[in-house]
Amino acid sequence: MVMDMDGLRDAAAPKGAEVVVVGGGVTGLSAAWWLARSGVDVLVIDKGVVGWEASGRNGGGCSHYQSPLFLEEQRLWPQMDALLGYPTEHRPERIILAVTQGQWDQYRRIAGIIRSQGFAVDELDPAQAREAVPLAGDNAVGAIHVRTGGHANPQRTVQAYAWALQDLGGRVLQHMPALGLVLRGGRVVGVATPAGEIGCDHLVVAAGPQAEGLLLPAGIRLPLAAARAEMIVTEPLPPLRVGGTDGNGLYGRQTLRGNLAYGGGPHEWLDTEAAGPRGRPASPLLANLSRRLAELFPKAAHARVLRSWAGIVENTPDGRPVIDRPADPGNVTVCTMSGVGFGLSPASGHAVRDLVVEGRCSFAEIGKLGLDRFRDLPADWRERQGWVTPAAERAA
Amino acid sequence: MATVDPKSLHGKFPASREHVEVLVVGAGPAGTAAAIAAARLGAKVKLVDENPVSGGLAGLDVPLFFGGRAGAALGNGQRMLERVFAADPKLEEAFEAGVDLALGTTAWGLFAHGPGLQTLPGPVVGLADEGDAWLCGFDRLILATGARDLVLFFEGADQPGVMGAQALHALLGRYEAFDGREVVILGTGDLAVAAATLALDRGVAVAAMVEVRDAPEADVAPLLARGVPVLTGTVIRAAERGPFGVAAALLVGPDGAERRVPCDTVCLAVDRVPAVELLEAAGGALVADGARGGFAPRLVGPASSIAGVFVAGDAAGVAPGPAGDASAARAWGVAAARAALGYDAPAPAPAAGRDRNPYRLDWMRRLLAVGTPDVLACQCEDVTRGDVLGVRPPRYLGAPASPRALDTLLGDGPVNQDQIKRLTRACMGACQARRCREQVALLLALGAQIPVEAVPLAGYRAPVRPLPLGLLGRLDERPEMRDGWDVWFGIPTQWVPYDDIGTEREAEHLRGNMHL
Ligand SMILES: Cc1cc2nc3c(=O)[nH]c(=O)nc-3n(C[C@H](O)[C@H](O)[C@H](O)COP(=O)(O)OP(=O)(O)OC[C@H]3O[C@@H](n4cnc5c(N)ncnc54)[C@H](O)[C@@H]3O)c2cc1C
Ligand SMILES: Cc1cc2nc3c(=O)[nH]c(=O)nc-3n(C[C@H](O)[C@H](O)[C@H](O)COP(=O)(O)OP(=O)(O)OC[C@H]3O[C@@H](n4cnc5c(N)ncnc54)[C@H](O)[C@@H]3O)c2cc1C
């Protein structure tokens, strides 16, 4: 009898899948859900709990006019609760409130861009702004009311993708880090994990900052720099008409419970660790955020801050996503949303599904989001851009 | 190298407004002893304590479970300040030893260099009083933040008159502002005995002591002698609602019969947990240690895992023995001060008590046995026990009934209280989970049939006191913070509309940089 050593070694390893997705954030989970909807046998592995990195810690904004996926993002969000079968807390519309003239000029410029894509945007004078946003104060200069866009609850959305995926027969393995890719004959045939090798025909890498290190051995260079960003949340206040009201250098939303959850301001560049971050600390920045939120909503200055938190996002050198299926090895699809990936996730997952199944995105032209653009990127791009950690800066 | 990203945190934080050699947080027996010892060793010491707390915070059950029984006198800040000062002669001693004593001052955050945070000029504690907030730098920090009550709920626990023993001690001992006359005490351990004794000494009647186990946990003979009924094998099913809060405790005895004990206050004195929120929120290591009262700092002597940060007293682990005996806390304080200043310090004996979890679980099991799934687990967010075990989204979402529950979630991976928190909102409220963190963990342990220690801590985050936006916003700000502020990363190319990328229109977008 001939022993199948490979089979024996992997006896305890989880069963492979047609498509294995590394990364159980919104990008990977949405992609897997889309694949499962197309009848593909899909398995998501995550080093921890789903959504534990950026996907469960963000501002929940779903309004990305700059993206080629914008229209698909706007088309899908109003349907997501029904499609997934679990609540995402999505609510439509945004108001952006200016408290300085500079902000007002900027927001009106944004209004123009959004209008040019066929969506209505109203401009509110200070009195109208105060009427629309009762927490606004005498400092209101104006506001734009965007009749599209919206916001949702990050962790709830992550969980909804995961459960919807499972309901379609897809699998999620938590606490299962990908330690490396398994290459044979120039193709990726699986991922190495502490439980053994998990085989696949196609691999999707949506591992946030860790994607760069995972992909390198497969000859794919995805330049990324990770950074920490912070948010605060207050006690609940009476609901605003449009929960997605922000401005004054802040992004965020009022949750359906009534809490004000806002972020913005400076970030801290980090070195990426393969096993994931050792901490996600908040800093005294919570006070600077508090100040700006009280300026944005003077009538909420009394609201108590309950928590602050931080999340880690990766950025590409130009801050734009990479959604690509490089020709070599050909069976790997890569997706990073470069720090702006929650709201776009219904659409980014769709695009990844299209690349895996059809080789091209069916609903939008996304050619400019390919890896090709970094072909000539110098090795020291981070230093050149000043995207360095404080330690590296001190050392220099 | 090019210039450092002007939109990053690099160089944005100002030097702290004040800087001290030794900062002590908490002016209980441990902190006061630490401050006096450090001052006598020649250090410049600042000792802060949040007492007297504002009526607003007390109303939220912060920092202690006051349960609506803080008297109106608490609103008189000046009078309370005098009382708090007078209640402990050691404070005057500290003052005379040259300690800069700041009462009514809350430490809301500890920030120190660690993984992911390297941009601070140095380690700092965020402080606030009624009117201002600022950062205080330190060479050495001693956390003597004491303990908090273990809160367990039953029907009616969300009304005025249900409170904790630590809060009772603060209101009777420190403030002389307790709004109750007749109290039922839950528990018969050292803590419950101290609470009952204190109540009787201050002229508050003790209607009963209630114990789920078959025998009292501590020596209750002196209390029996003072006429206090001690009811063993008994649990509280509900606190009866009256016009001013609790009207009676409805108790279920060993025979299953219910009896009504009139009272205006039910005082939880089952156990306490170390107050470790400042340390944990700063990334300090904790260990699940049932003998020390739950998640307690990982210590080497009095030193925490964060350089320069020391822990003393109940915060280091709730000591076994009489709750009224502060000598161990004082000894810890002195040892922490000596260690902080580099002197030899006999390492304080670790709190070598017995594991407290079996007792807590006995209580939780009995409370579950006599209560329904509709009993609250989280009062702020209106989350019931059934909601937690069913991992139900909040009712206001009106979501359809879901087949998902704790048992299906367990199929996906080990139980994680923070995950349950984000899905059910249990522990997300204004009390910052002071009333629910431990009981949700006990509930999850029982629901998942795992040891309590296996339920990961629901993390703490700054600010560890719920302070107003306007107050926190008073922190000093450098011009670099204002000038470098951007809503997101400030990468201009990120926001160029896709169609314009690579066209001549692209340049127009590279100036403005705000997005939605
Ligand atoms: C504070 C903050 C606010 C934000 N606000 C918004 C907003 O308002 N709107 C918006 O659209 N976006 C926002 N974002 C960005 C958004 O959160 C992210 O772009 C998005 O969540 C990225 O999702 P992802 O799935 O690609 O990555 P991630 O969420 O980072 O998920 C990657 C996953 O991969 C896993 N992983 C990594 N390495 C491995 C490995 N080796 N093996 C197995 N698993 C691995 C990780 O555990 C993680 O779960 C914000 C981000 C932050 C931090
Ligand atoms: C029921 C009961 C009866 C008691 N009876 C007696 C008695 O008879 N005699 C006696 O001496 N002691 C008594 N005590 C007190 C007890 O002995 C001591 O509390 C205990 O020894 C621990 O002391 P500590 O200094 O570690 O903590 P604590 O005494 O609890 O002191 C901690 C202090 O730190 C403050 N603090 C915590 N966090 C912050 C923050 N972030 N910012 C600012 N301030 C903060 C707290 O408000 C508190 O004042 C009793 C306690 C209880 C619960």
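We did not get these values from a lab; they are worked out from the coordinates using the rules stated. Here the structure is a predicted model, which is why all the values come from computation and not from measurement. Cβ sites come from the backbone with ideal geometry, for glycine too, and all protein chains shown count toward neighbours.
Where q = 0.15, 0.19, 0.20 Å⁻¹, what log10 of I(q)/I(0) comes from the Debye formula for the range A:247-396, counting one point per Cα?
-1.01, -1.23, -1.27
How many angstrom separate the Cα center of the range A:348-396 from the Cα center of the range A:265-296?
Cα centroid to Cα centroid, the span is 23 Å.
What's the FRET efficiency of B:Asp214 with A:Leu179 using the Cβ-Cβ distance as r and R₀ = 45 Å, to the nearest 0.05?
The computed FRET efficiency comes out at 0.30.
Could you list B:Ser305, B:Ser54, A:Ser290 in order of exposure, starting from the residue whose Cβ has the fewest other Cβ atoms within 10 Å?
Ranking B:Ser305, B:Ser54, A:Ser290 by Cβ neighbours within 10 Å, fewest first, gives B:Ser305, B:Ser54, A:Ser290.
Whole number please: convex hull volume per residue, Cα atoms of the protein assembly as shown, in Å³.
Hull volume normalised by residue count: 178 Å³.
Shielding by partners for B:415-423, please: the mean number of other protein chain Cβ atoms within 10 Å of each residue's Cβ.
Average neighbour count from other chains, rounded to a whole number: 4.
Under a no-solvent Debye model with one identical scatterer per Cα of chain A, what's log10 I(q)/I(0) at q = 0.06, 0.09 Å⁻¹?
Rounded to two decimals, the profile gives -0.24, -0.54.
If you fit an axis through the alpha-carbon atoms of helix B:190-201 and take the longest principal axis of the Cα set of chain B, what angle between them do you get, 0 to 90°, nearest 10?
Between helix and principal axis, roughly 70 degrees.
Average partner chain C-beta neighbours within 10 Å, per residue of B:495-507?
4
Of the candidates A:Ala152, A:Ala140, A:Ala275, which one comes out as most mobile in a Gaussian network treatment of chain A with C-alpha springs shorter than 10 Å?
Comparing A:Ala152, A:Ala140, A:Ala275 in the GNM, the peak value goes to A:Ala275.
Once you measure Cβ to Cβ distances between cysteines in chain B, which Cys have no partner under 4.7 Å?
B:Cys136, B:Cys263, B:Cys267, B:Cys380, B:Cys427, B:Cys431
Using 0.36 nm per residue of separation minus the Cα-Cα distance, give me the extension gain between A:Ala274 and A:Arg109 in nm, one decimal.
55.3 nm
Between rounded, prolate and oblate, where does chain B land on the alpha carbon gyration tensor, with a ≥ b ≥ c its root eigenvalues, rounded for a/c under 1.5, else prolate if a/b exceeds b/c?
Note, shape of chain B comes out oblate.
Whole angstrom only: what separates the Cα centroid of the range B:130-145 from the Cα centroid of the range B:71-98?
19 Å
Which whole-number percent gives the relative contact order of chain B, counting Cα pairs below 8 Å spaced six or more residues apart?
This gives 17 percent for chain B.
Between A:Ala327, A:Ala36, A:Ala301, find the one with the highest GNM mean-square fluctuation for chain A; connect C-alpha pairs within less than 10 Å.
Between A:Ala327, A:Ala36, A:Ala301, it is A:Ala327 that shows the largest mean-square fluctuation.
Report P(r) for the range A:320-396: all Cα-Cα distances, bin width 5 Å, range 0 to the bin holding the largest distance, values in whole percent.
3, 13, 20, 20, 14, 11, 10, 5, 3, 0
If each DSSP helix of 4+ residues adds -39,500 (n - 2.57) and the sum is divided by the residues in the protein assembly as shown, what number results at 222 nm, nearest 500 deg cm²/dmol?
-7500 deg cm²/dmol
What is the order of B:Val235, A:Val146, B:Val4, fewest Cβ neighbours within 10 Å to most?
Fewest to most other Cβ atoms nearby, the residues stand as B:Val4, B:Val235, A:Val146.
Any chance you could give the angle, 0 to 90 degrees and rounded to 10, that helix A:101-116 forms with the longest Cα principal axis of chain A?
So the inclination is approximately 60 degrees.
Students often check this: by mean Cβ neighbours within 10 Å, which of A:106-115, A:60-69 ranks highest, and how do the rest follow?
Ranked by mean Cβ neighbours within 10 Å, highest first: A:60-69, A:106-115.
What average count of beta carbons from other chains do you get within 10 Å of the Cβ of residues in A:154-162? It would help to have the intermediate numbers written out before the result.
Numbers: counts 1, 5, 6, 0, 3, 8, 3, 0, 2.
Partner Cβ neighbours, averaged per residue: 3.
For the Cα atoms of chain B, what angle does the longest principal axis make with the long axis of helix B:357-370, in degrees from 0 to 90, nearest 10?
70 degrees
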